[in-house]
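Coordinate-derived values only; no laboratory data. Given the structure is predicted, the values throughout are model-derived calculations rather than measurements. Glycine also receives a Cβ, built like all others from the backbone with ideal geometry; neighbour counts cover every protein chain displayed.
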Amino acid sequence: MQSDSPLTSLKGVGPALAVKLGKLNLYRVDDLLFLLPLRYEDRTQLVKIGALQTGARCLVSGEVLLSETVFRGRRNLLVRLSDGSAQLTLRFFHFSRQQQAQFQVGKHVTCFGEVRRGKSGFEMIHPEYRVLRDEQEAVTDDSLTPIYPATEGVQQGRLRNLTDQALAHMVASPPEELLPGSIKEKLGMPSLADAILYLHRPPADADVKEMLAGTHPCQQRLAFEELLAHYLSLRKLRALAATEDAVAMIDGNEDVSGFVADLPFRLTAAQDRVVGDILNDLAQPHPMMRLIQGDVGSGKTVVAAIACIKSIACGVQAAIMAPTEILAEQHWRSFSDWFRPLGIEPAWLSGSQRAAARRESLAAIANGNAPLVVGTHALFQEGVDFHRLGLVVIDEQHRFGVHQRMALRDKGISADGQPHQLVMTATPIPRTLAMAAYADLDTSVIDELPPGRQPVSTIAIPETRRGEVVERVRLACASGQQAYWVCPLIEESEVLDYQAAEASYQMLTEALPDLRIGLVHGRMRAAEKERGMKTFKEGLIQLLVATTVIEVGVDVPNASLMIIENSERMGLSQLHQLRGRVGRGAVQSHCVLLYRSPLGRIAKERLAVLRDTNDGFVVAQRDLELRGPGELLGTKQTGLPDYRIANLVRDAELMPQVQITAETLHKQSEHRSAAIVRRWLGDASRYGKV
Ligand code: ADP
Ligand code: MG
């Protein structure tokens, strides 16, 4: 048997079971080794009944004193055991005649289950049990009992049996040790095989608490190698890009400085610095792969525009892709305003576009008449052919996966080589996490807001006090300001989203008859949405009721009040993004988080974080701690990997060492790095062309 043999090569695994195991992402014998237990049970020692504690799961042995069936609404089988220290009742609701007959008075029984407090002392409900033969000793296990992640129709016993087989195979032919010895020594790490064996079958004296926390050296050993594998695979992507050709953009400096001089504002020092990074990258004959991180409102769009100017001046096309129609439309408008004086009209491409307009755009993109293209996902779909794409800008990168980024890049592959890539995100993430998630990108941070911005003051109010909030909206609008009223996101249902927004809209139009109120939601046609946003931006509408479609990037400086309904349902970063819609003008802005009581602990903490800080990095760090990295980075939608063992929050502190190890391996052994990536990510790496 080979470690990469299919599971069906194991005893007891037929096609049906293989399908069920596939649901746990188990396909090969080796995969079983990395299916780590969720927790452990201790059957290594017998616990005296007198020493039992409620809630604990224990192994107990005793003599049957009494066995009876009673009626408590339904038939119960009660078995009373004693081990001399005290008595314990086993209670069964479902039982066969044969089971009932087993519990003869005087027989010895070992049982394992959760201890509860019943009317007459300790109880176990439906424990696992074994009736011992006369003279037979109670059996205890040598190692802790692993509890594996469950899948329907595969019992724990079966999983234990399969892992036993896989472990036996591993012990007979241990996996190749791929970490450099110096690193293992330095970090005091066990070998891969030892770590795996320990985690599957921990000895009785194992530190279970540490293991449950995921901080045991054996777990850290595996997490380290997994993080390393992902890191290496992304670095490989980066290294490959460095060997690719791209148009070196040398010309066009006057166009850039002219554009910057004509802006209605001065760039912040941070914007200046980041523009410098970008222009430097673009001048290289290899594709740029740069990530711009900048808090909401830090002014990323204009930085992207400068990169576009440079590209166009150098005779290639630039494309900018945004995750939502509204955001793409807004970019299209900003870009139209900025580029009009230069005689450039950006082309527009989106999914909801009419056929004729789309044809026109596609033609201009293909024959090069459109030097600048703005759009949504539609940009990398079939039928879009660029004349000479030299720069790809992706806004709100966390909404797209690596795959989508690669797909757009591939559109630009030509005789010139690859297009330069600029990705932007308003979800600033902690440095160690960025190391893991964006290792294929160089990073620049816009760590400064344009001058004159005032921090948004934030309060949380229970929705029972909605009346006061409505009054507040009336006052703000009466004084010439504008407000947003954002309605709950209802997961995966545009219909419900829309109904909630509609209901709030009704409520507000009745409560505030003197205000001009608009409604924008995800089900509207793009043109309708645009009309709604436009009238709001122009000040014709004072209060905009919206679903979270306005979440990213919408820019209306006169709006100074943001109400968010059912804020307890939303994630921290999302709330921070929404709040970032206000605080863009000179007046003090406010954000009111309406919530439905009672608040859970996490929801309470979330709202407290927003009250206490306006700093996107702090928000991101707390979000990471509260929700885990998957949510924060949007792995649900994107191709970001699920880790089998590593946890980016818990193991973040491993990242600096992972980075050093990767550099060492890179220098020492290409073969080993490749083998590590293959072991953890498989041959078909999830990152596409690795
Ligand atoms: P984000 O980084 O969230 O995408 P935007 O690019 O939408 O931010 O910029 C927010 C607003 O700030 C826009 O109205 C933009 O024109 C304006 N802005 C950008 N840079 C500056 C600056 N240096 N000074 C003043 N306003 C700026
Ligand atoms: Mg933006």
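Placing +1 on each Lys and Arg Cβ and -1 on each Asp and Glu Cβ, with no other charges, gives the chain a dipole about its Cα centre of roughly 1780 debye.
Here the 3J(HN,Hα) profile of the stretch 112-126, calculated from phi with Karplus coefficients 6.51, -1.76 and 1.60 at θ = phi - 60°, is 10, x, 8, 7, 10, 9, x, 4, 10, x, 6, 9, 10, 9, 6 Hz, Gly and Pro shown as x.
Spin-label model, SER669 to ARG273: label points 7 Å out along the Cα-to-beta-carbon direction sit 4.0 nm apart. Note: the chain, Cα convex hull, 206 Å³ per residue. Spin-label pair GLU510-ARG97: with each label point 7 Å from Cα along the Cα-Cβ axis, the two points sit 6.6 nm from one another.
Summarising the amide proton neighbourhood of MET289: residues at separation of 5 or more, or on other chains, whose placed amide H is nearer than 5 Å comprise GLN421, ASP442.
Averaged over residues, the count of other Cβ atoms within 10 Å places the peptides 669-676, 4-11, 616-623, 518-525 in the sequence 616-623, 518-525, 669-676, 4-11, highest first.
Across all directions, the average projected area of the convex hull around the alpha carbons of the stretch 190-241 is 4.1 nm². Length gained on full extension, ALA366 to LYS20: 119.8 nm, using 0.36 nm per residue less the C-alpha separation.
Once backbone amide H atoms are built at 1.01 Å from N, GLU114 has ILE125 as its partners under 5 Å, excluding neighbours fewer than 5 places away on the same chain. Along its three principal directions, the equivalent ellipsoid of the stretch 84-166 from the Cα gyration tensor extends over semi-axes of 26, 17, 15 Å, largest first. In the chain, the longest principal axis of the Cα atoms and the axis of helix 601-612 are about 30 degrees apart. Computed from Cα positions, the angle between helix 466-478 and the longest principal axis of the chain comes to roughly 10 degrees.
Kirkwood analysis of the stretch 278-430, using all unique Cα-Cα pairs, places the hydrodynamic radius at 15.3 Å.
Note that the stretch 76-88 has calculated 3J(HN,Hα) couplings of 10, 9, 10, 10, 9, 10, 9, 10, x, 8, 5, 10, 9 Hz, one per residue in order, obtained from phi through the Karplus relation 6.51 cos²θ - 1.76 cosθ + 1.60 (θ = phi - 60°); glycine and proline are x.
Taking label positions 7 Å along the Cα-Cβ direction at both ALA608 and VAL131, the computed distance is 5.5 nm, reported to one decimal.
Within the same chain, lysines fewer than 8 places from LYS667 are excluded, and of the rest, those with a Cα less than 16 Å from its Cα are LYS236. Counting only Cβ charges, +1 for Lys and Arg and -1 for Asp and Glu, the dipole size of the stretch 25-71 around its Cα centre is about 120 debye. Charge tally around PHE103: other residues with Cβ under 13 Å, Lys/Arg +1 each, Asp/Glu -1 each, net +3. Converting the Cα gyration tensor eigenvalues of the stretch 359-484 into ellipsoid dimensions via √(5λ) gives semi-axes, longest first, of 40, 22, 14 Å.
FRET efficiency for the HIS387 to THR243 pair, using the beta carbon distance and R₀ = 25 Å, is estimated at 0.50.
Farthest towards the positive end of the charge dipole of the chain, among the residues ILE292, THR324, VAL392, is the Cα of THR324, using unit charges on the Cβ of Lys, Arg, Asp and Glu. Treating the angle as unsigned and between 0 and 90°, give the value, to the nearest 10°, between the Cα long axis of helix 269-282 and the longest Cα principal axis of the chain. So the helix axis and the longest Cα principal axis differ by about 90 degrees. Across all Cα atoms of the stretch 122-166, the radius of gyration (one decimal) and Dmax (whole number) stand at 14.0, 39 Å. Arranged from fewest to most other beta-carbon atoms within 10 Å of their beta carbon, CYS477, CYS591, CYS487 become CYS477, CYS487, CYS591.
Here the Karplus relation 6.51 cos²θ - 1.76 cosθ + 1.60, evaluated at θ = phi - 60°, turns the backbone of the stretch 24-30 into coupling constants of 9, 6, 10, 10, 10, 4, 4 Hz, with x for every Gly and Pro. Electrostatic bookkeeping for ALA213 treats Lys and Arg as +1 and Asp and Glu as -1; over the other residues with beta carbon under 12 Å from its beta carbon, the sum is 0. So what's the net charge close to ARG273: Lys and Arg +1, Asp and Glu -1, counting the other residues with Cβ under 11 Å from its Cβ? With Lys, Arg at +1 and Asp, Glu at -1, the neighbours total -4.
Expressed as a whole percent, the proportion of Cα-Cα pairs in the stretch 275-365 lying more than 14 Å apart is 71%. Over the chain, dividing the summed -39,500 (n - 2.57) contributions of all DSSP H runs of at least 4 residues by the number of residues returns a 222 nm mean residue ellipticity of -12000 deg cm²/dmol.
Across every pair of non-identical alpha carbons in the stretch 1-133, the mean reciprocal distance, once inverted, gives a Kirkwood radius of 17.3 Å.
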